Structure formats: C-alpha cells, structure tokens
There are 2 protein chains.
Amino acid sequence: MNINPVQLFDVESSTFTYILVADDNESAVIIDPVERHWERDLAHLERLDLKLAYVLETHAHADHVTSAGKLRELTGAQAAVPSGCGIAPAEVQLNDGDVIRFGPHDQIEVLHTPGHTAGSVSYVWRGNVFTGDTLLIDGCGRTDFQSGSSAALFDSVVGKLFALPDATRMWPGHDYKGQSVSTIGWERRHNARLTNRSKEDFGVLMAALNLPKPKLIDMAVPANQNLGLPHGA
Amino acid sequence: MNINPVQLFDVESSTFTYILVADDNESAVIIDPVERHWERDLAHLERLDLKLAYVLETHAHADHVTSAGKLRELTGAQAAVPSGCGIAPAEVQLNDGDVIRFGPHDQIEVLHTPGHTAGSVSYVWRGNVFTGDTLLIDGCGRTDFQSGSSAALFDSVVGKLFALPDATRMWPGHDYKGQSVSTIGWERRHNARLTNRSKEDFGVLMAALNLPKPKLIDMAVPANQNLGLPHGA
Ligand SMILES: [Fe+2]
Ligand SMILES: [Fe+2]
C-alpha cells in the first residue's frame, strides 16, 4: 500500500493539513485546514479537480484557527468533527467507531483517542492514520489543558494507535523538527515519550514539562468551536 | 489513481524532495534530495522501513547542493541522473525514454525535457510527473543559464509534458508561494507563462525577466556535478 494523502504545512503554527483523494480521483476530504491558508487549500482542490465531501477536524485546536467553516461554505462540503469537542455548528458529530464514506469506495474510520483533549480523535484511511496532536513523530501532544489527561493519552496511544498494523503510515497534526511522516511500528518501538515507559512514568514526564500557555488559546478554542467563523455569523 | 509520493520541503531554497514508495511498501527512490536534509531524509527511510534503490536528480541544480552522493554511500542506492547534466560520478546515465525499475512492479519513465538546463529530465510514475524546474505550478523554471533555452523549454512543456493525461499530478522542483501539487490539465489551461502563448511570445517574456544570477551557482553546479561530494573525495 502506498496511497498517501497530499500533505500541506503552515509554517507559523507548524500545522499539517491533509487532503485525502478517493479512488475515483474526484471526491476528497480535508483534515485540519488552517484559516490563513484557505485560498491555498481551495487552489489545490481546483487544480486537482476535486469535489470536497467533508472537512474533518481532529480536535478543537488551541494554537491556530481552522478554516473548516469557510471551506464548508465555499465548497458545499459537510463539517465532520469529534462529538466531544464542543464544535456545535458542525453537521456531523463523530464517535468512536464511526465510518465516514466518500467517493465510491473510500472509508475513514474514527478512533476516539482522548488525552491531548478529551474529545480528540484519529482517522484511519487506507493504511494511513491521522493522529492530530495525540501522537506526534517521536513525541506526543501536551495534556495540560482542554481536559487533557496523560493517563488517557497513554491509553489512547498504547491501546488504540499502537494496535494498528506496524506498516500504517502515521501523519501527525504538527511537527516542529522538519519531519513529515512516520509509521506505527517505528513509533511503538522508538517514540521518545512513550516507548518503554509505564503509564505512571509517562504521567510524571508530562507533568514535569511545564509548558507555557499557548498564546492563542483564549481566542482560538472558541473560534474553532465555531468552525473558525465569526461568532454570530 | 491516488498514489502520491511523500513530499519534503527545504525552506531555505524552496526545494521539494520526493520519496516514491513501490507497491511492495519496501523499495523506494528519492528525487532531488537536499544536502542539509540528509539526516531528515534518512530518518524518513528508516521510519517507513524503506530500502532505497535509486537517488534521482532532475538536473544539476544551481541554487542548492544535492545529498545524492551522501545518500548513495549511506544506503547502497545507485545514483541515476540525466546523461546531459555532466554528473560524471553517477552510475546510471539516463536518456529520453529510459525506464527505471524498482520494487516488484514499479516503473519510472524518463522524459528528456530540456530548457531550464540542456540536460533536464522529468520523471513519470503511476499518474504523477516530477518536473524538476522545467514546469512549476503556474510558472516555469528560468532559462538564462546552464545552456537554458526558452524555445527548448516551450517545446518540452507543450510538446511533452502537456501531452500527458490531464489528471496526471504534477510535482514541481520548487514552489515559492506555498503551493504543493498541480495537474497537467490545470497547467495546460491556466499556466501564467505558457498557456495561450506562442513560442515567440514566450521567448520575449523569458528574455525580459532579467533575474539576478543565483547566489550559489558557481559553487553549487560543480558540487552537484559531483553528486554533492567534496571534489577529490
Ligand atoms: Fe492541539
Ligand atoms: Fe534548477
């Protein structure tokens, strides 16, 4: 299997956006689009001659604003989001085990992977998993706000993500070191935060990180819970 | 068809590097790797558990140095380069119509597409074309050095690249505007430099660009003709 998404990057927030193309080469979904890049993302859809079926979010982001609402308006796509993220205006509220269908045959399976936020999900598609900020390449998302929990993240990664086949390609929501893609097998064996660590040790490690509060969180989370649209719009 | 490469980016020179994975998910080739990212690129090969069969160059670059020689040494891959680029130490010298095989079934077809440089080639693989600096998204490479020729570039693009199927995904060697991928059909209909322009008009346009000499050219071209290895090494 070597079916990959188109991976797009936001340099400011180091956020990845993904376009997944169905096997009819006509229907597509986009995962975690970034507000300031809505024109770039529409340009890709136009050049590749794709019709957007869904805009997906992995969680309500704290570090950047989504363009989900804007892309929904401009393309006619539906917004599909994790049910536990408080993103009320989205028409599709996703739960663990749900399946999103697009194109004649393509399916995306929803895995509820709480920990970075209580509502976070991962998406599995054709040998790929899109992990949002739950599992990063050689790392993981922080667990100190938005009902984050290191114990829940540990269970999500070890119990659900590491249970996927080793060759599954892992596409993160961010990377801060210039890396783009990994595999479940490599992360299970080598992840600097999770490999060979007990849930308790992982909790101690995460509690000691002492990260600064994200600059944009007070603005971004409410904005993202409204799909990035102005409130009242 | 939705088989895409893994696309990697160098922020300094806005250069794309591509990893193409064969359908056995084991064998791979890399196109236009950048010197300063050799560790990043090896990390991707390791995480994806890939064996590198070939390092490919689209031409002898003037704006950055390749890691082709280094990757060849470290992985046992063969270096395969356009025969017209003066890259003497590469074991495989490619000509128009040659086919590179990797994995059990994968084939890359070589198209000689002169114009940006006299030796430049494009690579066609599973519904994708890697155009180097011959055709860029909504643009094209410059034609004012390294035996470049606007007339040759026009013939390469209009005669060879635009003759590929419309849905062929087009992956350029550079992008300076944050775009990642296009299609042959879109470029044939909308390319700002080439669409609806005669060869003569295109020549006038290219001659009037008056671009500064690339800062690194005097160092980079000889280095790249030695696969990025120190001379005498
Ligand atoms: Fe996040
Ligand atoms: Fe070039």
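Just to verify a result, which residue in the range B:138-151, among those that are within 15 Å of ligand 2 (Cβ to nearest atom), within 18 Å of B:Thr183 (Cα to Cα) and touching a residue at least 40 places away in the same chain (Cβ under 8 Å), is nearest to the other protein chains (Cβ to nearest Cβ)?
B:Gly139
Just one of the numbered conditions (1) in contact with a His (Cβ under 6 Å, 6 or more places away or on another chain); (2) among the polar types (S, T, N, Q); (3) under 21 Å from B:Val6 (Cβ atoms) is not true of B:Thr117; which one?
(3)
Does the range B:11-48 hold any residues that are of a type in the set (Gly, Ala, Ser) and under 23 Å from B:Thr134 (Cα atoms), and which are they?
Start the filter on the range B:11-48 by keeping residues that are of a type in the set (Gly, Ala, Ser), which leaves B:13-14, B:22, B:27-28, B:43.
Answer for the range B:11-48, where residues must be of a type in the set (Gly, Ala, Ser) and under 23 Å from B:Thr134 (Cα atoms): B:Ser13, B:Ser14.
Within the group A:Leu209, A:Leu194, which residue is under 25 Å from A:Gly97 (Cα atoms) and more than 14 Å from every other protein chain (Cβ to nearest Cβ)? Even if it seems obvious, please write down each step before you answer.
Details: A:Leu209 fails: under 25 Å from A:Gly97 (Cα atoms).
On inspection, the qualifying residue turns out to be A:Leu194.
Taking into account only those residues within the range A:124-135 that are part of a strand (DSSP E or B) and crowded, with 24+ Cβ neighbours inside 10 Å, which is nearest to ligand 2 (Cβ to nearest atom)? Before the answer, list the steps.
Our first condition is that a residue be part of a strand (DSSP E or B); within the range A:124-135, this holds for A:124-125, A:128-132, A:135.
Right, trim to crowded, with 24+ Cβ neighbours inside 10 Å and you get A:129-132, A:135.
Working: A:Val129: 36, A:Phe130: 33, A:Thr131: 35, A:Gly132: 36, A:Leu135: 37 Å.
So, considering only residues that are part of a strand (DSSP E or B) and crowded, with 24+ Cβ neighbours inside 10 Å, the one nearest to ligand 2 (Cβ to nearest atom) is A:Phe130.
If you check every pair at least six apart or on different chains, which have Cβ atoms under 8 Å apart with a residue in the range B:152-178 that is farther than 15 Å from B:Ala192 by Cα first and a residue that is of a type in the set (Lys, Arg) second?
B:Asp155/B:Lys199; B:Asp166/B:Arg188; B:Gly178/A:Arg40
Starting from the range B:87-108, keep only residues that are free of Cβ contacts under 8 Å to residues at least 12 places away in the same chain, then list their pairs with residues that are of a type in the set (D, E, K, R) and surrounded by 14 or more Cβ atoms within 10 Å (Cβ to Cβ) whose Cβ atoms are within a distance under 9 Å, requiring at least 6 positions of separation or different chains.
B:Val99/B:Glu109
Failed condition for A:Ile100, given (1) outside any loop (DSSP other than H, G, I, E, B); (2) touching a His at 6+ places or on another chain (Cβ under 7 Å); (3) away from chain B (no Cβ under 14 Å), with all others met?
(2)
Please state which of the following conditions B:Tyr176 fails to meet, knowing it meets all the rest: (1) away from chain A (no Cβ under 14 Å); (2) closer than 25 Å to B:Glu12 by Cα.
It is condition (1) that B:Tyr176 fails.
Inside the range A:162-209, can you point out the residues that are assigned to a loop (DSSP other than H, G, I, E, B) and polar (S, T, N, Q)?
Passing the criteria: A:Thr168, A:Gln179, A:Ser180, A:Asn191, A:Thr195, A:Asn196, A:Ser198.
For the range B:50-62, does any single residue satisfy the condition of being of a type in the set (Gly, Ala, Ser), outside any strand (DSSP E or B) and open to solvent by less than 20 Å² (accessible area, probe 1.4 Å)?
So far as the range B:50-62 goes, yes, one or more of its residues are of a type in the set (Gly, Ala, Ser), outside any strand (DSSP E or B) and open to solvent by less than 20 Å² (accessible area, probe 1.4 Å).
Across the range A:69-123, which residue is least open to solvent (accessible area, probe 1.4 Å) among those that are among the charged types (D, E, K, R) and farther than 19 Å from A:Thr134 by Cβ?
Per the criteria, the residue is A:Asp106.
For A:His37, state whether it is within 14 Å of another protein chain (Cβ to nearest Cβ), over 22 Å from A:Pro222 (Cβ atoms) and not in a loop (DSSP other than H, G, I, E, B).
It is false that A:His37 is within 14 Å of another protein chain (Cβ to nearest Cβ), over 22 Å from A:Pro222 (Cβ atoms) and not in a loop (DSSP other than H, G, I, E, B).
From the residues in the range A:141-156 that are open to solvent by less than 20 Å² (accessible area, probe 1.4 Å) and more than 11 Å from ligand 1 (Cβ to nearest atom), which one is farthest from A:Val204 (Cα to Cα)?
Looking at residues that are open to solvent by less than 20 Å² (accessible area, probe 1.4 Å) and more than 11 Å from ligand 1 (Cβ to nearest atom), I get A:Ser156.
The values are calculated or read from the model by the stated rules, or taken from the named source; none is laboratory data. This is a predicted model, so every value here is computed, not measured. For neighbour counting, all protein chains shown are included, and Cβ atoms are generated from backbone atoms with ideal geometry for every residue, glycine included. Each accessible area value is taken on the protein alone, full model and side chains, heavy atoms only, with ligands, DNA and RNA left out. Shrake-Rupley method; radii C 1.70, N 1.55, O 1.52, S 1.80 Å.
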